[in-house]
Amino acid sequence: MRARAAAAAALASFGILALGWQAGAQSIEASKVVGVTNSATGTAGSASSGSAGSPGSGSSASSGGTTAAGGTTGAGGTSTGSTGSTGSSTSGSGSTSSGSQSSASSGLKNGTFTGATEQTRYGLIQVQIVVSGGKITDVQTPQLTGDDMRSDMINSEAAPILRSEVLQAQSANVDTVSGATYTSEGYLASLQAALNSAHA
Amino acid sequence: MTTALRSADRPAQPPRPRTANGLARTLRQRGRRRLLREDFLTVLAWASGAAAVALYLADGGAGQFNNLTTATTSIGIIAGLVGTDLVLVMLLLAARIPLIDGTVGHDRAMEIHGKLGKPALYLILAHMVFLLIGYGLADRLNPIAEGVSMWNSLPDMWIAFISTVLFILVVVTSLVAVRRRYPYEFWYVVHLLTYAAVLTALPHQFSEGQLFAPGQWQRWYWIVFYLVVLAALLRYRIWAPIALTFRHQLSVTRVVSAGDGAVSIELTGLRLEELSGAGGRFFIWRFLAPGLWWHHHPFSLSADPVAGRLRITVRNLGKGSAALTSVRPGTKVAVSGPYGLFGHAARTRPGLVLVGSGIGITPLRAILERAEFEPGEATVILRASTPETLYLRDEIAELCRQRGATMYELVGQRARHGNPWLPRNQTGLALSDYVPNLRASDVYVCGPKKWTDAVLQDAKSAGLSDEQLHHERFDW
Amino acid sequence: MPENQPTGLGARTFLAMGTVVSLSAAFPGVTDPQDDGASGSRRLEAAVRVIEADFAALEERFSLFRAESEASAVAQGVLRLASASAETRAVYADAIEWRRRTHGAFTPERPDGILDLSGIVKARAIAEAGRSLEALGLTDWCLNAGGDVLVSGTPAPSNAAQSAPEEGAPRPWLAGIVDPDDRRTLLAAYPLGGTPGCAARRALATSGSAERGDHIWALGGGRPEFVQVSVAAGDIETADVLATAIVSGGREMLDLATAQWDIDVLAVTDDGGLLATPGFRAPKAA
């Protein structure tokens, strides 16, 4: 290949790849907003373990988040939920959080803390945490609006929720199981059979 | 035996009166434009590969590399996309599109086509292997169980597996080592399976590929790409030969001996003057006679076409060529072409050097007939092991006399030392010794591959650049 | 239970429509002298035979896996929809109506263009079987066909109609929802049935974007936002159709569905996050 062709081809190829990458990065960025729920899940573990009464290790992450929330405007850290957990570690409170494991209870002020509102793909979102006994006992998203305020009108709107917030279940205490059929028919069948025999 | 013929007679049929400077400028511009086109096509080819990856990235593919399962799957998808792109590029290269043919030449196009074969196959195999592993990881199945499950549960997947097998078959039969063992016809028929392989690969791309799904704009890129390839194949591989055949309605008028083991086949037809200037380039011929019609031959013209007359000169090379020596007058001929860069269009310099060996001499004769050059600016070098195989020697000598070209006849056994393309009695000489204005010339070489390479090497060491060198191998 | 009468809960499983159908039925504790445990078992057997026939009838007509089915003939283009049976056309019309109401997120056509009514047919079969069970006089049962659930009553019925008021509302059927990230575990539970007359929902359906990455079934283009969607609704067809529609229609469809239908939704996003309507929230512990 001639040098000019090689250079031009390389330039064009990298240009095209960069464009594709850029376009892809945007769509990934957009989908990351779902991370609100995702990484909040990390915090959720703490909340759940906290509520379960055990001072779970998760409280370290939550302490970071709360410290940020405790700050006047630092609440933004919690607001995204996701940033809550990561932001906490970067804000330095993460370092204290590991150490504050035991002192966490003293480090967290009791009360309800509300983060700044954040724009997400789904509209505005705002996270509120409830700290009690030095532990996060609840994480809520009290405000979630669409750009057109449509979601305000719908009271049954589906909102991001932590895994700890849903009704928990073990196969031992359910009567039946719902799942996408194609995924695990074998699993469903065996679980259902187990349930059947358990109940029979 | 060496003879130098030189004639300063007025050229009998100068193509166009033109000043030497004007010719040089025109040729230089033409050459530059051709190189520009070549670079453009090169960029286009690479860009299409990059686009295949970029379209995947644009769909958020870059976000798939954060865990082993999706990363494996993504690699598989990218391999499939790039593999598909390579296959489509290969089809375009083989579609005999005039733009590609006139820019890089049929030879180079097919050489690139051949070089892409193995990478394309590896990518398609990687596509399959990585996806089986990736999906297997997701399903907690081993790749083989995953393959069985996909075969059973996904529509069109079994067709895709067949496609893979066909691709393997096509590439394996195209490997030089394998190809030698079987007749050309076998390879040719197997190669036609490529179309089946591409077609059988299609359904799973559109029913399962996320980029090909309805509503994806990326889908249109691929649909358009496929349609362009399909249109090119229909237009230039199927329609062009049919149209040309009906336009010229060629039939054999006579077959005459042209020296040791070679014959000149003369044909007549309609509107042949339209093919004027095609001398040196090759056509693909099909003699519509029992036992011959299914075999096609790439032969160059051995005389520039004039109204009502066309001529090729062939030697008993393959099985098919041998049968041609007995082709009867009146036989209808299907034809497509002209193809290749071995013609006037490739000229970049005012000087002209034609070097031919054996049957490779014959296209040079056709080039010489119509080439633009000032008297004294052209040199013809004929090489043969015996005088009997200096095909068309007398005709060429006469043309040289008329056009004012210098002709050398180099006959004898191959030299043991020095330049291997020269006969023994010329040991110690080089191309530049025969051609004083070599640096300012285009060199056309036609003959067996090794010999051709030796001449080209000689020319290169004399300082000629690639754009000045034109060659046609004559050992199909 | 005051008298500590055991509640009979029986379950039977059979295969239909390429999946497992299971019927659990609860019978009030034995109080009737003419009744005994065996009677419950006999009634369950009879009920299973009836609903098995319900499933078989629909499957025969609509299965794409059966080459001789009417649906296969339509899918292959052998039989024109216009000349298909009234029932097939009705199902198709139903599917088209769902497509309209979901703004195209639900569609009876597979991405490859083949007409596939199997999703809606399964829901209809479940609904049909439910009606059969009611006709048989069964009040407390749970029917699960390949993860789509329809219930009636409670798994723990009290033997007397005038149950002790201090017991409160009868216990609902608790349906576990598979965690798409780890199918051996359950992600959540949802109470179905229970309080009669209350807003309690009777049906739960779960739909997923394909397991093999979104590479396979990118419904309607783009990467599915939701890996799995569970919808609880008053009837199984609504639950099933909306679950499918939300998987393919994403967040937009989710909002549309929650706005227009009285349903509860639990959606799992492609990075493991959850979106849920209040019905999926655990009741606040006191």
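The values are calculated or read from the model by the stated rules, or taken from the named source; none is laboratory data. These figures come from a predicted structure and were not determined experimentally. Cβ atoms come from the backbone with ideal geometry, glycine included; neighbour counts cover every protein chain shown. Ligands, DNA and RNA are excluded from the accessible area calculation, which covers all protein heavy atoms including side chains. Shrake-Rupley method; radii C 1.70, N 1.55, O 1.52, S 1.80 Å.
Taken together, the residues in the stretch B:328-351 that are hydrophobic (A, V, I, L, M, F, W, C) and open to solvent by less than 10 Å² (accessible area, probe 1.4 Å) amount to 4. Of C:Val178, C:Val151, C:Val227, all but one fail to be surrounded by fewer than 24 Cβ atoms within 10 Å (Cβ to Cβ) and either at the interface with another protein chain (Cβ under 9 Å from one of its Cβ atoms) or at pLDDT below 90 (or both); the exception is C:Val227. Scanning the stretch B:37-64 for residues that are open to solvent by 20 Å² or more (accessible area, probe 1.4 Å), within 9 Å of chain A (Cβ to nearest Cβ) and within 21 Å of B:Pro98 (Cα to Cα) returns B:Glu38, B:Phe40, B:Leu41, B:Thr42, B:Val43, B:Leu44, B:Ala45, B:Trp46.
Quick one: in the stretch C:181-204, which of the residues that are in a strand (DSSP E or B) and at pLDDT below 80 is nearest to the other protein chains (Cβ to nearest Cβ)?
Filtering the stretch C:181-204 down to residues in a strand (DSSP E or B) leaves C:182-192, C:203-204.
Next cut, at pLDDT below 80 only: C:182-185.
Working: C:Asp182: 10, C:Arg183: 4, C:Arg184: 7, C:Thr185: 8 Å.
That would be C:Arg183.
Of the conditions (1) surrounded by 13 or more Cβ atoms within 10 Å (Cβ to Cβ); (2) at pLDDT below 70, C:Glu87 clears all except one; give me its number. With (1) surrounded by 13 or more Cβ atoms within 10 Å (Cβ to Cβ); (2) at pLDDT below 70 applied to C:Glu87, the lone miss is (2). Of all residues in the stretch B:170-208, those satisfying the criterion of being free of Cβ contacts under 8 Å to residues at least 60 places away in the same chain, under 21 Å from the mean Cα position of the chain (by Cα) and under 18 Å from B:Leu125 (Cα atoms) are B:Val170, B:Val171, B:Val172, B:Thr173, B:Leu175, B:Leu193, B:Tyr195.
Just a yes or no: is a residue in the stretch B:295-303 buried (at least 22 other Cβ atoms within 10 Å of the Cβ), without any contact (Cβ under 8 Å) to a residue 40 or more places away in the chain and not in a loop (DSSP other than H, G, I, E, B)? Looking through the stretch B:295-303, at least one residue is buried (at least 22 other Cβ atoms within 10 Å of the Cβ), without any contact (Cβ under 8 Å) to a residue 40 or more places away in the chain and not in a loop (DSSP other than H, G, I, E, B). Listed by first and then second residue, the pairs with beta-carbon distance under 9 Å, at least 6 apart or on different chains, first residue in the stretch C:128-144 and more than 25 Å from A:Gly179 (Cα to Cα), second part of a loop (DSSP other than H, G, I, E, B), are C:Leu138/C:Gly153. Could you tell me which residue of the stretch C:249-271 is farthest from the chain's Cα centre (by Cα), considering only residues that are within 23 Å of C:Ala175 (Cβ to Cβ), open to solvent by 10 Å² or more (accessible area, probe 1.4 Å) and within 8 Å of chain A (Cβ to nearest Cβ)? Going through the qualifying residues, I end up with C:Asp262. Of the helices (runs of 4 or more DSSP H) lying entirely inside the stretch B:385-476, those carrying at least 1 residues that are within 20 Å of B:Arg281 (Cα to Cα), more than 20 Å from the chain's Cα centre (by Cα) and not β-branched (Val, Ile, Thr) are B:393-403. The single condition among (1) modelled with pLDDT of 85 or more; (2) open to solvent by 20 Å² or more (accessible area, probe 1.4 Å) that B:Pro214 does not meet is (1).
With respect to the stated conditions, B:His248 fails to be open to solvent by less than 30 Å² (accessible area, probe 1.4 Å) and within 24 Å of B:Tyr184 (Cβ to Cβ).
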